[in-house]
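What follows draws every value from the coordinates through simple rules; no lab data is involved. Since this is a predicted model, take the numbers as computed values, not measurements. Every residue, glycine among them, receives a Cβ derived from its backbone with ideal geometry; neighbour counts consider all protein chains shown.
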Amino acid sequence: MYVCSDCGYWSSTRLWKCPSCWAFGTFTAVSTGNPKKWKKQATKLKTQIQHHTAQTRTCTMPELQRVFPAWIRQAWTYLIAWEPWIGKSTIILQILDDMLLKNPSLSIAYITGEEAESQIIDRCTRVIGKTHENIAIFQSNDCDDIAETIREENYNIVIIDSIQTIASNRSDSTPWSPWQVRLCCDILNRACKQEQTTLIIIWHITKWWEIAWPKYLEHIVDVVLYLEWEQYWNFRFLRFRKNRFWSTNEVWIFEMNTWWLQPVYNLKERVIEQSKHTNGSVLTVWIDNGRAVLIQLEVLLNKMAWKYPLRVAQGIENARLTLIIAILEKYLGLKLQFIDVYINIPGEFTFRDSWLDLAVAAAIYLQYKKIEQHFSFVYVWELWLWGQLIKTKFHQKRLTEATWFSVVDVSTIWSIKKLPEIYW
C-alpha cells in the first residue's frame, strides 16, 4: 500500500498527485504485514460511572465573567485561533494571571514549540509584570514527550503554543502537515481527557480567513475561539465560534496598548464622548455576535453638484440608503431629488442588516430640517416600504443596551408619518 505523508490518504497504487490534499510526490510505500484472521469476541465492558461535578476555574475580570462565568472547565479542550502577531499568547497569559488571583493553587504547564523559554518569560514579564511559580514553561516539539509529561505530572491546565510546531514519531509526515496536526491533537486531547486536565491549543488561520486545515480540529475540541481585530480602532474581539455546553452569543472586546490587551468596559461612554450634538448625527445599537454595542451614525446633505444626486454610504449598502430616501420622500414629503446624501459610520465596519433603518431616516430628517437634537434617543427600528415600523432582531437586547437613554418607543406608532409631529 501507499500512503500520503501529508494527509494520510491510502492508495493501492503509487499516485503522483494526492486526490485528498493535492500534494505532489508525497506517496511512500508501506508494508501492511500478513493478513490476520479476526475472530469475533463478545466482551463485557465494566464501567464505573462516578457522578461528580467538573471543576471550574473562574476569573476576576468583569469582561470575562459577563461573557463566560466559568471560563475554564476541567477536561475541556479549547482552540483559540486567528492571524499571527494578533495577541493570542498575550491574552492567554492575561487570563491565566487573572485566574491565579482567584485560584492560587492552580498548576499550569505552558509548552512552546516555536519560541525559546526565555522569550516566554520575557512576555510574562511584559504582560503581567512577573513570572508565576505555578506556571511551568517548557520548550518541546515532541508530541509523545508532551503527552507523557501530562500523564506523569498533575497539571490542571496545559497550553500548547502552537500545535503546528509539534510532531509525533508515530507518523513520517512533516510538521505543519494536516495529518501531523490531526494526529498530535488526537494524542494530546486523549491524554488530557484521561487525566482530567484542561487543554488550550493555539492555532492560526489560512488566507481564506478560516481555521487552518484540517477542519477536524474544530470537531474534536469543546470550544473554538477567534481573536479578531479592527485595524483602525486597535480593538480585539474574542468571539465564540463553537461551544458545546454554553452560549456563543457573546464577544469580548479588548484594546491593544503598548504592553498588553486592555479590556474595554466603557465602550458606550467612548461613543458618547466622541459624539457631537449636531443635527444629522444619531445613535443606534449594533448586535455583534450576540453582544449589543452602541454606535454613532452621521449624515451630511449637500446641494447637488452634478447631473444626478449622489448617494454615498460608508458602512451600509447603497441600495438600502436609496430605499430609505424613497420612503422619506413618499411619506414625509422631503425633496431629496436635488440633494446629495452622504452616510458614514465611524470605523471600518460594514452593516448589512435592517436594524439601522430608523437611525438613517432620523439622521436625514434632522439634517434636512436643521434640527439640533441632544444625544438622548437611540433608534433601532426597521422600515417597511409603506412606512411601517417593525421590530428588529434581538430587539429587547438592543433596548437593554440603551437603558441610559430615552429609547424611541414606537409601540403605539405604526407609521413613520407620525414621527415628526410627535418627536420633533
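Structure shown: which of Lys303/Lys393; Lys335/Lys370; Lys330/Lys391; Lys102/Lys397 lie over 26 Å apart, alpha-carbon to alpha-carbon? As for pairs spanning more than 26 Å Cα to Cα, those are Lys303/Lys393; Lys102/Lys397. Ranked from largest, the principal axis spans of the Cα set of segment 73-158 equal 31, 30, 24 Å. Amide H contacts under 5 Å for Val251: Arg291, restricted to partners 5 or more places along the chain or on a different chain, H placed in the peptide plane at 1.01 Å from N.
Can you give the percent of C-alpha pairs in segment 105-264 whose distance is more than 30 Å? Of all Cα-Cα pairs in segment 105-264, 18 percent lie more than 30 Å apart. The slack in the chain from Thr125 to Leu323, taken as 0.36 nm per residue of separation less the alpha-carbon distance, amounts to 65.8 nm.
Given +1 on the Cβ of Lys and Arg, -1 on the Cβ of Asp and Glu, and no further charges, what dipole in debye does segment 56-264 carry about its Cα centre, rounded to the nearest 20?
Roughly 680 debye, rounded to the nearest 20.
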